[in-house]
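Data block below; observations after.
Please treat every number below as a calculation from the coordinates, not as lab data. The shown structure was predicted, so the numbers you read here are calculated from the model rather than taken from an experiment. When we count neighbours, we look across all protein chains shown, and the Cβ atoms used for this are built from the backbone with ideal geometry, even at glycine.
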Amino acid sequence: MEGYDGGAAPPWRVLLVDDHPLFLEGLAAAVGLDGEFEVVGRAATGEEALAEAARTEPDLVVMDLGLPGRSGVETTRLLLQAQPAARVLVMTMSEDDDNLLAAIRAGARGYLLKGAVREEILLALRTVGRGGAVFSPSMAERLARLFAAVSGGPAREAFPNLTGREREILDLLAQGLTYRQIAQRLVVADKTVRNHVGSIFAKLQVPDRAAAIVRARNAGLGSA
């Protein structure tokens, strides 16, 4: 615990999750040199993050969204299910509205862009560590506009170009149901489900079922 002087409060235990080695190294140095924090683990994928979180039991997690394999949003959701006392600060290049909303729904307490300077990062960690929420100025403005503009559920916010039935089917796909199971659940023909799925693929501009499920889960669907 370099930099910690043994005072009343121990340093916050921090897990860093990012798949870019140089960025991860710089972030670890920036955070670890402050005596209020101790970097207890690093991870480059969602799977590694979940394993490291189980091993280190961090107080704070800095989470990238663009991870290979399991997304940062899904990793955040699963990590907080296993360790609800942890607090997640997203740090990403993405300024996408869907990602912002999905991260918040997954339980993230903050959302910073990777251009943030060291002082901003440390302040954000302190704020989140003390139970607050923090967003970079541009994302805070975007979030305010989104909440002012929408009153519907996650699916409508994330995919406004889908019909209600298409959103319902996409949500069921994200839950892992087969086309046959979806048809039985909705009391429609298998062909009807496949027709809707084809329309969903076209509107989301995805090539297949797996890609559609990733988009849906990143947007907070499929959690039922």
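Per residue, how much space in cubic angstrom lies within the convex hull of the C-alpha atoms of region 22-127?
Working: hull volume 9.8 nm³, N = 106.
Taking only Cα atoms, region 22-127 has a hull volume of 93 Å³ per residue.
Could you compute the FRET efficiency for A202 and L22, with r as their C-beta to C-beta distance and R0 at 45 Å, rounded to 0.05?
On the way: r = 38 Å, r/R0 = 0.85.
Efficiency at R0 = 45 Å is approximately 0.70.
Can you check what the net charge comes to around T75, using other residues whose Cβ is under 13 Å from the Cβ of T75 (Lys, Arg +1; Asp, Glu -1)?
On the way: positive: R70, R77, R217; negative: D18, D19, E47, E48, E52, D64, E74.
Around T75, the surrounding residues sum to -4.
List the residues whose amide H sits under 5 Å from the amide H of V90, counting only those 5 or more places along or on another chain, with H placed 1.01 Å from N in the peptide plane.
Amide H to amide H, under 5 Å and 5 or more residues apart or across chains, V90 pairs with M63, R109, G110, Y111, L112.
Report Rg(Cα)/(2.2 N^0.38 Å) for the chain, keeping two decimals. List each step's numbers first, then the result.
On the way: Rg = 19.3 Å, N = 224, 2.2 N^0.38 = 17.2 Å.
Normalised Cα radius of gyration, the chain: 1.12.
Count charges around L177 for me, please; just the other residues with Cβ under 15 Å from its Cβ, Lys/Arg as +1, Asp/Glu as -1.
Values: positive: R165, R167, R180, R185, R194, R209, R217; negative: E166, E168, D171, D190.
Local charge sum for L177: +3.
Just subtract the alpha-carbon distance of K114 and R185 from 0.36 nm times their residue separation and send over the number in nm, one decimal.
Values: separation 71, 0.36 × 71 = 25.56 nm, distance 4.29 nm.
Net length gain for the segment: 21.3 nm.
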